[in-house]
Amino acid sequence: MFVPRPMAVLPVGIMLLFLGQASVDAEVFTALCDMEYLVHMEKDLVESLDQYIQQEEDKLNKIKTFQSRIKEVSQMAMEEPSTHLHHPVNAYLLVKRYTRDWPLLEALVQEDTAEDFLYNLTKVKESFPSDEDYMGAGKALVRLQDTYDLSTQNIAKGMMGREIAAANRPELGYTKSPELSSEDCFELGRLAYIDQDYYHCALWMEESMARFQPDPTSDLTKDTILDYLAYASYQVWLGEYGTQNNIERAYQATKELLRINPEHTRAINNMKFFEKEMEKSQNLVAPPKDEDVASTERGEYKRDLARDYLPEREIYELLCQAEQPDMFNITPSRAKHLKCRYFTNNNHPRLLLAPQKLEQVFDKPKMWIFHNILTDPEMKVIKDLAQPRLRRSTARNLITGQYEPAFYRISKSAWLQGWEHKVIRRVNQRVEDVTGLTMETAEELQVVNYGMGGHYEPHFDFARKEEVNAFKSLGTGNRIATMLFYMSDVEAGGATVFPQVGARLVPEKGAGAFWYNLFKNGEGDMLTRHAACPVLVGSKWVSNKWIHERGQEFRRKCGLSPED
């Protein structure tokens, strides 16, 4: 009978995160701008630690000096203890050592040189990331691994996305990181294990094994890694995408475990179980050419998409990876309508002297990019106003209509009103000028900073017919259109993609993307379902105006059908 691994022992608070939908309320990893202070705080802590180490070294040097001096005198005295004391100076110094020197040493040993360091540590400890942040950060790495089809080897090497290509071109200057240790990889695998995600658990345990080196400062042992690896490989084999290789890998890992620890009870029982399972499966699947697969050879694992809830997951990830599925190739007859021009919106007074650079980037649904619609000073003001107010972004609950944190939206946001600053009023007016739609019923300017692996999975901006409570409290109707401003360039990842049609918008600092969410008859355009791809490398700032129906009656006249 197969004996499973026991659940990893973790604090109850951490365990509960994985039993429900984890990482929906974390306050640090959800926005990169809020993580920057951790870098500065760690610098201060390192400096404080340096001071503590120096004090400890000074203290130890004093103790060593005392020990050396006393040892020399003691050895000389022990040669002839009785005659040594005949000399009055020797007798005096002996008494002095007991009444002065040894008490001083006692005080020195008892001196608490850690007090300042512990005070500095305690003072900032409340600002430390939480266990939930740790879980969220781990899941973010796994999300990036899947979305951008990254290998554990490249992630562990600190090479992600374009950094792989930049390895031979360091002048590109993409952000790099130190390599992950075997223990780092093990912890990522264990997080996946607790979440019953055995596919990622197996991948990261393989990487941990490949990087394992005996370390006297670490409690991690090779047999522990192999124990997790064997169980995860077996669980992958049980899944829809399990292969003969997975059960063989479970067998080999267990065999290696027993070589290291022959008394491992669970491994002894599992070895017999795996042998029987392999015999059964080999009746249906051709046996491997080699009798044994080398224990150092990695297993082959296929991702189980059956766990996924997104019907368009595959297309969504291909678009995030900048790959255009063949089914979405734009024909020449469609492409000829995609043009750039200077735009005055029918000679609007404010646009005559400063026309906007307008590019139509897609035809169905129609999408436009206003290049350089925001200036650097304007974006700085918007970021500065928003940053102190950033809070975990929310998504609308389809049942209640209420907004709440969601695991499929990782970012922080803030809302800015026109009366707060002239720049906000100016931006609102500019949106009205270029779209011809009133801002009187539009929502406030939302500012968003995406965190580690920050993303927003495919969604609609408008409310569907079944969402009867959406925007009811606003009394302004549905969201007729979206203006999305990109306020930073992103080194890799972070594109806005439309899985229904294969459109992909790459963040361009200062640009604004515009599209209509509703047809002229008021029905929602299902082709506008879109997503914010995870940020792979860099920090992504955006802001947006959601424009509502009320007040647009004479600005965008109604039609009887979607074709109008």
message = For the condition open to solvent by less than 20 Å² (accessible area, probe 1.4 Å), hydrophobic (A, V, I, L, M, F, W, C) and assigned to a helix (DSSP H, G or I), what is the one hit in Ala414, Ala386?
response = Ala386
task = Filter region 519-528 down to the residues that are among the hydrophobic types (A, V, I, L, M, F, W, C) and under 18 Å from Glu457 (Cβ atoms), then identify the one that is least open to solvent (accessible area, probe 1.4 Å).
result = Leu527
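Yes or no, residue by residue, for (1) out of contact with any Lys or Arg (no Cβ under 9 Å at 6 or more places or on another chain); (2) surrounded by fewer than 23 Cβ atoms within 10 Å (Cβ to Cβ); (3) of a type in the set (A, V, I, L, M, F, W, C):
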{"site": "Val535", "(1), (2), (3)": "yes, no, yes"}
{"site": "Lys540", "(1), (2), (3)": "yes, no, no"}
{"site": "Asn544", "(1), (2), (3)": "yes, yes, no"}
{"site": "Ile547", "(1), (2), (3)": "no, no, yes"}
{"site": "Gly551", "(1), (2), (3)": "yes, yes, no"}
{"site": "Phe554", "(1), (2), (3)": "yes, yes, yes"}
{"site": "Lys557", "(1), (2), (3)": "no, yes, no"}
{"site": "Pro562", "(1), (2), (3)": "no, yes, no"}
Filtered residues of region 66-82 (kept if surrounded by 11 or more Cβ atoms within 10 Å (Cβ to Cβ) and either over 60 Å from the mean Cα position of the chain (by Cα) or on the phi > 0 side of the Ramachandran plot (or both)) = Val73, Ser74, Met76, Ala77
query = What helices (runs of 4 or more DSSP H) lie completely within region 61-133 and have 2 or more residues being under 25 Å from His40 (Cβ atoms) and at pLDDT below 90?
reply = 115-125
inquiry  = Which pairs turn up if I take residues in region 334-349 that are in contact (Cβ under 8 Å) with a residue 40 or more places away in the chain and part of a loop (DSSP other than H, G, I, E, B) and look for partners that are charged (D, E, K, R) and open to solvent by less than 100 Å² (accessible area, probe 1.4 Å) with beta carbon separation below 9 Å, at least 6 apart in sequence or on another chain?
reply    = Asn345/Asp433; His348/Asp433
message = Being among the aliphatic types (A, V, I, L, M), surrounded by 12 or more Cβ atoms within 10 Å (Cβ to Cβ) and in a loop (DSSP other than H, G, I, E, B): is that true of Ile330 here?
response = yes
remark   = Over region 418-459, the set of residues at positive phi and in contact with a Leu (Cβ under 7 Å, 6 or more places away or on another chain) is Gly453
query = Which condition number in (1) more than 18 Å from Arg396 (Cα to Cα); (2) open to solvent by less than 20 Å² (accessible area, probe 1.4 Å); (3) outside any loop (DSSP other than H, G, I, E, B); (4) touching a helix residue (DSSP H, G or I) at 6+ places or on another chain (Cβ under 9 Å) is the one that Ala531 fails?
reply = (1)
request  = Mind listing whichever residues of region 446-487 are open to solvent by less than 10 Å² (accessible area, probe 1.4 Å) and farther than 17 Å from Glu549 by Cα?
outcome  = Gln446, Val447, Val448, Asn449, Gly451, Gly453, Gly454, His455, Phe485, Tyr486, Met487
ask   = In this structure, does Thr435 turn out to be buried (at least 21 other Cβ atoms within 10 Å of the Cβ), more than 17 Å from Gly136 (Cα to Cα) and touching a residue at least 40 places away in the same chain (Cβ under 8 Å)?
value = yes
inquiry  = Take the residues in region 489-499 that are without any contact (Cβ under 8 Å) to a residue 60 or more places away in the chain and either in contact with a strand residue (DSSP E or B) (Cβ under 6 Å, 6 or more places away or on another chain) or part of a strand (DSSP E or B) (or both); name whichever of them is farthest from Ile547 (Cα to Cα).
reply    = Val490
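The values are calculated or read from the model by the stated rules, or taken from the named source; none is laboratory data. Predicted, not measured: the structure shown is a model, and the values here were computed from it. Glycine also receives a Cβ, built like all others from the backbone with ideal geometry; neighbour counts cover every protein chain displayed. Please note that ligands, DNA and RNA were not included when accessible areas were found on the heavy atoms of the full protein model with its side chains. Shrake-Rupley method; radii C 1.70, N 1.55, O 1.52, S 1.80 Å.
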